[in-house]
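What follows is a short report on a single structure.
The values are calculated or read from the model by the stated rules, or taken from the named source; none is laboratory data. This structure is a prediction, so every number in the text was calculated from the model and none was measured. Cβ sites come from the backbone with ideal geometry, for glycine too, and all protein chains shown count toward neighbours. Side chains included, ligands, DNA and RNA excluded: accessible areas come from the protein's heavy atoms. Shrake-Rupley method; radii C 1.70, N 1.55, O 1.52, S 1.80 Å.
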Amino acid sequence: MRRYSKCWAVCVGFAWMLAAAAAFAADSLDWRAQQNQVSADIQSWDLSTLLKKIARQTGWHVYVERGAETTVSVKFKDLPADQALRLLLGSLNYSKDHTNGVSRLLVFRTIPKAATQAVAAEKKDYRIANEDLVKLKRGATNSIDDLAKAVGGKVIGRDDRIGLYRLQFDNAADAAAGLQALASNPSVAAADGNYSVDRPTPAQMTQVPNPSGPVFNLNPTPVANGPIVGLVDTSVDPPSQFSPYVLTPINVTGQNDTPGTDPTHGTSMLETLLAAMPNDPSKILPVDVYGSGETTSTYEVMEGVLAAINGGANPINLSLGGTGQSAMLGQLIQEGEQKGIVFVAAAGNTPGEGDVYPAMYPGVISVTASTQTVNGPITASAGTSGSTQLASYANDPAGTSIIAPGTSIVQWNGQTWEVQGTSPATASTTGTIADLVNADHLTLAQAVAAVTKAAPAPMTK
């Protein structure tokens with residue numbers, strides 16, 4: 001459900017920034033894993049190009065037999081994955097498997113075990129080529145509808161409370177020209193590109209045997225005056241024992257997620273937050289910025305951050321991200337920080353990927369993952385003992401703030417899962433910050449300093 005309170009002071013004052021438009025490619029592959037539907041319009045790709053795109057869009061680990069080649073020239077719409085693969089791969093064979101939470105695609109000419117050459121996933125262009133974001137000045141004389149019409153766009157998302165709008169154009173060239181025109185308009189406070197943000201997924205999620213008792217013992221009473229923890233993520237559906245700690249969820253997308261057989265990412269993060277503050281738990285405000293989508297965008301993430309702030313959340317957990325650097329989201333976070341809001345974000349689950357946003361915006365507490373398991377608040381022994389090892393999946397760019405346990409144990413629907421990634425490491429960090437405020441009566445700034453000192457990221461030691 002939607003729930004908004006009166007807009008907080010951080011809602012105004014975005015800085016002007018011009019973003020470059022990305023090139024618009026004619027050939028396309030659209031792999032919608034959640035719906036098991038694939039569409040393609042490809043004139044001529046080689047096998048390497050195809051497999052890199054499949055690896056990026058599906059998250060599969062792709063392996064190919066050395067010497068395998070084909071030219072891809074196909075066009076189809078909304079086919080199931082297996083039927084799509086048969087058309088895409090032509091005369092080549094393939095097999096799929098799923099072990100310990102990792103899905104593999106093997107492409108071969110002879111036999112499956114000959115597919116030994118790993119395929120690096122294509123770097124994604126996160127810029128949504130035919131969209132712009134606009135922030136109008138307070139008291140602007142021109143309406144957004146008139147401005148959009150003047151530059152050939154249409155408004156597909158609007159927040160009139162703060163003057164934030166999402167514009168769509170017919171193509172990338174029109175969006176680039178519109179962005180330039182909007183940025184120079186006297187009624188516009190900021191104009192920027194819109195960027196997609198992938199639905200967060202664990203590096204690995206494995207079902208494990210149920211323990212004889214609860215995963216962790218949680219104090220039955222939330223701290224009355226403790227900080228509210230904002231969880232900007234996917235939808236949540238926590239087990240009933242966690243209900244006393246969860247405020248009414250907010251959904252900024254207007255779409256409900258489709259229930260699955262595994263816990264949602266948001267549910268896993270909610271339980272991880274609580275595991276880090278078992279004795280003095282705060283209440284958690286979930287904000288769904290994905291709905292049923294495979295991705296979301298900068299626009300929804302900004303709306304989610306604002307909804308969390310307006311709901312009284314501080315700190316705010318962002319176990320999500322990508323490599324699309326939105327100037328407007330960065331400015332919003334900076335203005336929030338100036339008002340004392342603490343943001344904690346994941347560094348990403350692709351080693352060597354480099355800067356991931358929102359984690360790498362200035363002032364954000366960026367978190368990478370160790371091989372340890374969340375079993376309570378982060379302590380000095382979790383970061384400086386020398387036994388901490390960077391997880392094999394963890395991204396650790398320069399400027400990362402903290403290393404935290406990257407494995408969390410969560411329960412849902414009567415089953416238990418082991419979840420790994422920088423996402424649980426981030427939730428563990430956010431939960432520890434709230435726990436230090438609740439249990440040790442520190443300020444948020446003091447709690448952040450204590451956690452950063454206890455568990456500095458490897459590259460910042």
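Report yes if Thr384 is surrounded by fewer than 23 Cβ atoms within 10 Å (Cβ to Cβ), at pLDDT 95 or above and among the β-branched types (Val, Ile, Thr), otherwise no. Lay out the reasoning, then the answer.
Details: surrounded by fewer than 23 Cβ atoms within 10 Å (Cβ to Cβ): yes; at pLDDT 95 or above: no; among the β-branched types (Val, Ile, Thr): yes.
For Thr384, the condition - surrounded by fewer than 23 Cβ atoms within 10 Å (Cβ to Cβ), at pLDDT 95 or above and among the β-branched types (Val, Ile, Thr) - is not met.
For region 28-60, a residue qualifies if it is over 20 Å from the mean Cα position of the chain (by Cα), surrounded by fewer than 17 Cβ atoms within 10 Å (Cβ to Cβ) and part of a strand (DSSP E or B), and the qualifying residues are Ser28, Gln37, Ser39, Asp41, Gln43, Ser44, Asp46. Looking across region 132-169 at every residue that is in contact (Cβ under 8 Å) with a residue 40 or more places away in the chain and open to solvent by 70 Å² or more (accessible area, probe 1.4 Å), the one that is nearest to the chain's Cα centre (by Cα) is identified as Arg161. Hey, can you tell me all the residues within region 269-287 that are closer than 14 Å to Gly311 by Cβ, open to solvent by less than 10 Å² (accessible area, probe 1.4 Å) and not polar (S, T, N, Q)? If the condition is that a residue be closer than 14 Å to Gly311 by Cβ, open to solvent by less than 10 Å² (accessible area, probe 1.4 Å) and not polar (S, T, N, Q), then Ile284, Leu285, Pro286, Val287 are the ones that fit.
Across region 330-353, the qualifying residues are those that are part of a helix (DSSP H, G or I) and open to solvent by less than 10 Å² (accessible area, probe 1.4 Å), and the one among them that is nearest to Asn438 (Cα to Cα) is Gly336. Inside region 200-246, residues that are part of a loop (DSSP other than H, G, I, E, B) and either hydrophobic (A, V, I, L, M, F, W, C) or more than 18 Å from Ile316 (Cα to Cα) (or both) make up a count of 22. Against the test of being surrounded by 15 or more Cβ atoms within 10 Å (Cβ to Cβ) and either without any contact (Cβ under 8 Å) to a residue 12 or more places away in the chain or within 30 Å of Asp192 (Cβ to Cβ) (or both), the options Ala81, Ala129 yield a single qualifying residue, Ala129. Pairs meeting the criteria (first residue in region 366-390 and over 15 Å from Thr432 (Cα atoms) and among the hydroxyl-bearing types (Ser, Thr, Tyr), second residue at pLDDT below 85 and not in a loop (DSSP other than H, G, I, E, B), beta carbons under 7 Å, at least 6 apart or on different chains) are Thr388/Ala382.
Name the single residue, out of those in region 354-366 being of a type in the set (A, V, I, L, M) and part of a loop (DSSP other than H, G, I, E, B), that is farthest from Val451 (Cα to Cα). Step through it out loud before you land on a result.
Let us first name the residues in region 354-366 that are of a type in the set (A, V, I, L, M), namely 356, 359-360, 364-365.
With the extra rule that they be part of a loop (DSSP other than H, G, I, E, B), the set shrinks to 356, 359-360, 364.
Values: Val356: 21, Ala359: 16, Met360: 18, Val364: 14 Å.
Only one residue tops the list, namely Val356.
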